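Q: Dropping a structure here in structure tokens format, bear with me for questions.
The values are calculated or read from the model by the stated rules, or taken from the named source; none is laboratory data. Computed from a predicted structure; not experimentally measured. Reconstructed Cβ throughout: ideal geometry from the backbone, glycine too, with neighbour counts over all protein chains shown. Remember, those area values only see protein heavy atoms, side chains included, never the ligands or the DNA or RNA. Shrake-Rupley method; radii C 1.70, N 1.55, O 1.52, S 1.80 Å.
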Amino acid sequence: MLKIKNLYSSINNTLIIKNLNLKIKNGEIHILMGPNGSGKSTLSYIITGKPKYKINKGEIIFCKKKINELSPDKISKLGIFLSFQNPIEIDGITMFNFLKILKKKNNFKKLYKLCKILNIDKKDLYRFFNLGFSGGEKKKNEILQMLILKPKFIILDEIDSGLDIDTIKYLFKIIKIYLKNNPKCSLLIITHNTSIIKYIIPNKVHIIYNGSIILSGNSELIYKIEKIGYNGLIKKKYNDKK
Amino acid sequence: MNKTFKKTLKQKKYNYGFYTKVKSKTFPLGLNSMIIKRLSKIKNEPKWMTKLRLKSYYHWKNNKKYPEWANLKYKKLNFNKISYFSGIKNKKDKKIIKTFDKLGLPIKNNKKTISIDYVFDSISINTTYNKILKKHGIIFCSISEAIIKYQKLIKKYLGSVVPYYDNFYSSLNTAVFSDGSFCYIPKGIKCPIDLSTYFRINNGKIGQFERTLIIVDEGGSVSYLEGCTAPIRQNNQLHAAVVELIALKNSKIKYSTVQNWYPGDKHGKGGIYNFVTKRGICKKKSKISWIQVETGSSVTWKYPSCILEGDNSIGEFRSISLSKNYQQIDTGSKMIHIGKNTSSLIISKGISTNYSKNTYRGLVKICKSAKNSKNYTQCDSLLIGNKCSTYTYPNIISMNKTSKIEHESTISKVEDEQIFYCNQRGISKDKAMSIIVSGFSYNIINKLPLEFALEAKELLKIELENSVG
């Protein structure tokens, strides 16, 4: 589904992604982990085409199509969805109006149904977009949009940060149902929290450090991080090399 | 602002920029007492009116102090290079009817349930729905007609709120005003349909001097709308209007404007100079609401105001102004509290794009007599791009201790983050921008009468779709 080859990317002439390679097959769940500032969120922005980031070298291929140079709205339309770490607010536009722009066929009935699934109060549809929403409400709104857009590839950027256990559990339950119904859909979870393993079992785990993926493995890797931390892992890797 | 963003910087087409070729009688350029006498004569005006015009003219001529205090930069006008009257010869000319059809405001078969007074250059063409209005005793006609037919009302109220000596443009306007609307709502009558005037400048050298007077008698109410467009021209044209509102005891006036004069091209060439004095007086327990959507004109100078003379009266001002290219807007409101328990509200929202300049200038004055009065002011500015600018000049004076004044002001930028978020949901850049702008203007637009609200929304949308910089 997604293939990133020898990717180099920079922002304001500073190289932030260096020789990154990643391959995600149809229906796979990958977790991308790494310490703060290692380039996790950056990678999600680059995949989704955020204009500030420049791709210096390499390519990103999605469903056999090169997407490096596409505009973010076109990338979205190919079926890539990013759940933001910090979703923005828009004053004066109700949730309902915004969701209607996403998909014209959205009517009250359909939206009410989705809200019910997500445990969102119907009244929230008439509130302004994310304005005054709690962290949990904002993240639910992200997943609501995901269900509306029905993407082929989902990136969850720190979906678990700032949420209580019950909400995280519940959101992952819904995401899993979505994956079950769309078996070809792939998922990339970005987090620095090892407890993610409690909610979902990945096919692969990657450690990103200083702009490149330095380690890949299965869920065992997460337990290792839990034991010796990112620093321990990084040190170990460089020692092994020597 | 990123590069891909700048690529979409295109000039929006001004859809109303066509010119109608009609036979008309146009005065030679320049202004003198002869011109004024001739103007007055053409209009068959009574002698006192001619006298008032001349008095204003001499006042203007002798006290000619060009107002330069506004936050505007433009070439000084040469008042001798303007024609002060252009009247078409045949009011029933099919071309005129076609013009208004083209503007989406058909004179005949008008499906809109509003009464419209059509002003073309210097004269009023037609007023629709007169019969229904007459049934209620409502007078709605051109001011020229009113000066002849309703002399008593005109003598009493014309210039009572904006006297001829009030400012530079009010003097000029009183001397040379050609047409506009007059409206009188009798005691206890709530006007059953919206009244409206549509101003069109057609002739290239003419200055349009609009004069509007609205009187609502005790307990009455009216909702009045005003719209304007002009052809695309290389040179600047002048539109200097005076609007007076008189709200007697327990009455209500809602005055909405959608101003879409030709704004000039993308280099700032051409466009209308819009210098307007709008003011209303509120008697006991009455209410005046000004609502304006300003998207046109190369220069706008406009401060719709309320004099809250009567106890418990209310003044409101809601404005959304969008400036682009090299447009300059200096607008705001004055609320003068005189009566007890008076309250006023000012909500001003400015959106600046490209190289434009958007200024809010306001005065809230609470006199000693205005005990227990209150004002709330909110000024929000939205900047799009990094070449435009926004300014706020609030002036607040309170002369008693029992009154309450609140002022809130915000400046925000449309952030790349917001745009990117919308993009990520498959929404195009232009659409994203118009979502954010329409959200920003939400609480002004939803106060407009429905039909106007749709138009204004469309205007704000179209304007932005291709002019994002």
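Q: Quick check: pseudo-label points 7 Å beyond the Cα along Cα→Cβ at A:N239 and A:I197, how many nm apart are they?
A: 2.0 nm
Q: With a Förster radius of 35 Å, plug the Cβ-Cβ distance of B:E406 and A:K122 into 1/(1 + (r/R0)^6) and report the FRET value to the nearest 0.05.
A: On the way: r = 34 Å, r/R0 = 0.97.
Result of the calculation: an efficiency of 0.55.
Q: Taking only DSSP H segments of four or more residues, each worth -39500 (n - 2.57), what value at 222 nm results for chain B once the sum is divided by all its residues, to the nearest 500 deg cm²/dmol?
A: -6500 deg cm²/dmol
Q: If you don't mind, there's one more thing I want to ask. If A:K54, A:K103 are ordered by their accessible area, calculated over protein heavy atoms with a 1.4 Å probe, which sequence runs from highest to lowest?
A: Solvent-accessible surface, decreasing: A:K54, A:K103.
Q: Spelling out what I want: for every residue of the range A:151-160, take phi, set θ = phi - 60°, compute 6.51 cos²θ - 1.76 cosθ + 1.60 (Karplus), and round to whole Hz; glycine and proline get x.
A: Residue by residue, the range A:151-160 yields x, 8, 9, 10, 10, 10, 9, 6, 4, 8 Hz.
Q: Also, quick follow-up: Within 10 Å of each Cβ of B:441-450, how many other protein chain Cβ atoms are there on average?
A: That works out to 1 on average.
Q: With just the Cα atoms defining each centre, how far is the range A:89-159 from the range A:18-34? Give it in Å.
A: Using only Cα atoms, the two centres lie 27 Å from each other.
Q: As a test question: what accessible area, to the nearest 10 Å², does B:R38 have when a 1.4 Å probe is rolled over all protein chains in place?
A: The accessible area comes out at roughly 100 Å².
Q: Please calculate how many Å² of accessible area the protein assembly as shown carries per residue, with a 1.4 Å probe and no DNA, RNA or ligand atoms counted.
A: Each residue of the protein assembly as shown exposes 44 Å² on average to a 1.4 Å probe.
Q: Still on this model: A:Y112 to A:S134: FRET efficiency via 1/(1 + (r/R0)^6), r the Cβ-Cβ distance, R0 22 Å, to the nearest 0.05?
A: The formula returns an efficiency of 0.55 here.
Q: If you don't mind, another one. Using a simple charge model, +1 on the beta-carbon of Lys and Arg, -1 on the beta-carbon of Asp and Glu, nothing else, what dipole does the range A:136-242 show about its Cα centre, in debye to the nearest 20?
A: Roughly 440 debye for the range A:136-242.
Q: Helix-only mean residue ellipticity at 222 nm, chain A, DSSP H runs n ≥ 4 weighted -39,500 (n - 2.57), per residue, nearest 500. What is it?
A: When only DSSP H runs of four or more count, the value is -11500 deg cm²/dmol.
Q: Hey, what's the per residue convex hull volume over the C-alpha atoms of the protein assembly as shown, in cubic angstrom? All intermediate terms of the calculation are to be shown ahead of the outcome.
A: Values: hull volume 131.0 nm³, N = 711.
So the per-residue Cα hull volume is 184 Å³.
Q: Taking only C-alpha pairs under 8 Å that are 6+ residues apart, what is the relative contact order of chain B in percent?
A: That works out to 12 percent.
Q: Taking a 18 Å limit on the Cα-Cα distance, which of the listed pairs B:K94/B:K134; A:K100/B:K431; A:K3/A:K52 fall beyond it?
A: Long pairs (Cα-Cα over 18 Å): B:K94/B:K134; A:K3/A:K52.
Q: Oh, and also: Take each of the peptides A:194-205, B:335-346, average the number of other beta-carbon atoms within 10 Å over its residues, and list them starting from the highest. Show your work: numbers first, answer last.
A: Working: A:194-205: 17.3, B:335-346: 23.2.
Ranking the peptides A:194-205, B:335-346 by packing returns B:335-346, A:194-205.
Q: Any idea what the alpha-carbon Rg over 2.2 N^0.38 Å comes to for chain B?
A: Against the empirical 2.2 N^0.38 Å value, I get 0.95 for chain B.
Q: Work out the mean other chain Cβ neighbour count within 10 Å for the residues of A:72-82 and drop it here as an integer.
A: Per residue, the average neighbour count from other chains is 5.
Q: Now a separate question. Given Cα pairs under 8 Å that are at least 6 residues apart, what percent is the relative contact order of the range A:1-133?
A: Here the relative contact order equals 22 percent.
Q: Still on this structure, please answer the following. If we sort A:150-156, B:406-412 on the protection proxy, mean other Cβ atoms within 10 Å, highest first, what's the order?
A: Going by the mean number of other Cβ atoms within 10 Å, highest first, we get A:150-156, B:406-412.
Q: Rounded to the nearest percent, how much of the accessible area of the protein assembly as shown (1.4 Å probe, protein heavy atoms only) is carbon and sulfur?
A: 51 percent
Q: Select from chain B the helices, each a whole stretch of DSSP H, whose alpha-carbon atoms run 15 Å or more along the helix axis and whose Kyte-Doolittle mean is at least -0.5; answer none if there are none.
A: B:429-440, B:450-465
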